[in-house]
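Note sheet for the following structure.
Just so it is clear, none of the values below were taken in a lab; they were calculated from the coordinates. The structure displayed is predicted, hence computed values, not measured ones. Neighbour counts are summed over all protein chains in view; Cβ atoms, including those assigned to glycine, are modelled from backbone coordinates with ideal geometry.
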Amino acid sequence: MAFTPKKMYVGQPGTSDTLLYTAPTGGAIITEIVVTNTTGTAATVSVAFPAGASGVDDAEAFAKAYSVAANDVKVWPLRQVLGNGETIRALQGTSSALTIHISGIEIS
């Protein structure tokens, strides 16, 4: 079994449900999510780890409409396990306000 550190996502999710990452066959461990607000106004982010192709909803939400202050950064250190094909999905409340960085370990 191999464990490979990886940058899983860097970018700006849309204002509607956006697929950020899909775990490979062996699975993955999400170790950190960093959300940066590059605007002068607070903005919200929702993040979910749905088991299937479902979107960002209350049943599988990790963060729901979490407010990131203007010109601020939110860091979530994690040990979230994803199985084969499980995903990370997100959306932001204000277009182009937030950048998300996700790091972790892929298992093969």
(request) Take the alpha carbon atoms of segment 11-81, find their center, do the same for segment 88-104, and report the distance between the two centers in whole angstrom. (result) 6
(message) Suppose every Lys and Arg Cβ carries +1 and every Asp and Glu Cβ carries -1, with no other charges. What dipole size does segment 3-107 come out with about its Cα centre, to the nearest 20 debye?
(response) 220
